[in-house]
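Written below as structure tokens is the structure these notes are about.
The values are calculated or read from the model by the stated rules, or taken from the named source; none is laboratory data. Computed from a predicted model, the values in this text were never measured in an experiment. FYI the Cβ positions are ideal-geometry reconstructions off the backbone, even for glycines, and counts take in every protein chain you see. For the accessible areas, the whole protein counts, side chains as well, though only heavy atoms, and no ligand, DNA or RNA atoms are used. Shrake-Rupley method; radii C 1.70, N 1.55, O 1.52, S 1.80 Å.
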2 protein chains.
Amino acid sequence: MSLRSASAVLDRLDLRSTSARRAVITAVLSRSQPVTARELVARLARRGIGRATVFRTLDLLVRAGVLSRIHGIEGGERCFHYTRCAPEHHHHLVCRACGKVEEIDARRLDARLDSVARGHGFRALSHAVEIQGLCQDCH
Amino acid sequence: MSLRSASAVLDRLDLRSTSARRAVITAVLSRSQPVTARELVARLARRGIGRATVFRTLDLLVRAGVLSRIHGIEGGERCFHYTRCAPEHHHHLVCRACGKVEEIDARRLDARLDSVARGHGFRALSHAVEIQGLCQDCH
DNA sequence: GCGACATTTGAGACTGAGTATCAGGAAGGG
DNA sequence: CCCTTCCTGATACTCAGTCTCAAATGTCGC
């Protein structure tokens, strides 16, 4: 299923279906939690897939709206995290201690964020909101 | 005034009042808008202040709660921004096009963010929220 | 199937932010 | 003025992400 969906993604985006790309897409999409670029690079390197290809493919997917790219924990890891989700309406809770990232569904926040941003003349095209704190396990 | 306040800051934090530190603090505090680490390094290098000292001093100030460290614009610059503000209760609007950063005062957001985070078992120790969008000038 | 051709790949060099180290230098208490 | 302690800048380093380019691979017309 995951491989078929990787092909489907590539097909939809009018990109050549190469084994490297399928591997990258499968690796990201098979995770429900966000993955770091670092981890993907390391994991895929074992299969002979180069660093450049991983970043290139991730970039394509982000631009195509398949993945969303979020920041890591402040002060700790500085590499990006990638996760499957529409880039427009998600928010993340990042644990500062263990780095765990949880998605939250906060429709009601959206309206408020929108109104705040508009009040400042901003169009909040993307609600890439990250709340940082300590998760249950870490305090 | 700014120099006096730099000394005051150092005094309050029980740090030696050196010319390098005063220069770094003055440079950051004299700006109302957030400054990038890059810009500070470049500006202070002209006065013979080394990169390491700038980062060290900024770090001290962030840890002491004098400055707040926020992310730059997504996709473009990736270096940190520093700004004078209490780290606990501020939110930022970041323009994706020009990189402008505005502070917003959103007390009402706080309560909602808190409740959302707590609902997920998080203690939202720091509301480092960044809303990304396009500012008035850029759309 | 096959071959031409454009796209993609991976190796490796490069960039630039931030960090670590360390000998020399300054602050400041006595 | 001296001595200890802390601070500084030069420099080398790390590491994420980008760039480059020759070689490999997918695609499509035949």
Could you order A:Phe80, A:Phe55, A:Phe122 so the one with the most accessible surface comes first? Probe is 1.4 Å. A:Phe55, A:Phe80, A:Phe122
Mind listing the label-point distances from B:Gln136 to the same position on all other copies, shortest first, one decimal in nm, points 7 Å along Cα→Cβ? 4.4
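Rounded to the nearest 100 Å², what's the accessible area chains A and B bury against each other, both chains counted, probe 1.4 Å?
3500 Å²
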Between A:Arg51 and A:Asp114, what is 0.36 nm times their sequence separation minus the Cα-Cα distance? Round to one decimal in nm. 18.9 nm
By accessible area with a 1.4 Å probe, ligands and nucleic acids excluded, highest first: order of A:Thr83, A:Thr53: A:Thr53, A:Thr83
Copies compared at A:Ala45 - label distances in nm, ascending, label defined 7 Å from Cα in the Cβ direction: 2.9
The base-10 log of I(q)/I(0) that the Debye equation returns for the range A:19-59 at q = 0.17, 0.20, 0.22, 0.35 Å⁻¹, one scatterer per C-alpha, is -0.35, -0.49, -0.60, -1.48
With the label 7 angstrom out along Cα to Cβ, how close does B:Ala20 come to the same site in each of the other copies, in nm, nearest first? 4.4
Please list B:Arg21, B:Arg16 from largest to smallest accessible area, probe radius 1.4 Å, with all protein chains kept in place. B:Arg16, B:Arg21
